[in-house]
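Below is a structure I'd like to ask you about.
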Amino acid sequence: MMTQNPQTPPPRQVPISSGHVRAKHHFSGLVLGGALTALLFLLFIFVSGVSLDGTINPLWIGVIIGVMVAALGVFRILRGPAAFGLGDVEHKHEKP
């Protein structure tokens with residue numbers, strides 16, 4: 001029978017989980033970034049007020065991309081990190 005070494009601390013008890021911790025969504029950056037990009041391009045469009053002989057201002061492309069990025073962020077928040085299969089990029093191998 002082994003005795004406890006006096007210099008080794010006694011084994012600790014396993015902590016008991018106190019409840020469920022809500023998973024964090026890291027996609028709010030997509031929503032905020034896309035919205036800010038769209039708003040900045042809209043600001044540039046309305047402040048400049050320049051139109052090229054009745055053609056569509058090319059800055060609208062920035063607004064469209066910003067809205068699409070924000071929509072992707074909202075979709076990923078609603079559907080979770082596995083939406084489109086993009087959330088989990090870690091290589092997982094089955095244990096033998």
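The values are calculated or read from the model by the stated rules, or taken from the named source; none is laboratory data. As the structure is a computational prediction, the values presented were derived from the model and not from experiment. All accessible areas refer to the heavy atoms of the entire protein, side chains included, with ligands and DNA or RNA removed. Shrake-Rupley method; radii C 1.70, N 1.55, O 1.52, S 1.80 Å.
Considering only protein heavy atoms, what is the solvent-accessible area of I56 at a probe of 1.4 Å, reported in Å² to the nearest 10?
Accessible surface of I56 is approximately 140 Å².
Could you tell me the accessible area of L59 in Å² (1.4 Å probe, neighbours in place), rounded to the nearest ten?
Number for this one is 50 Å².
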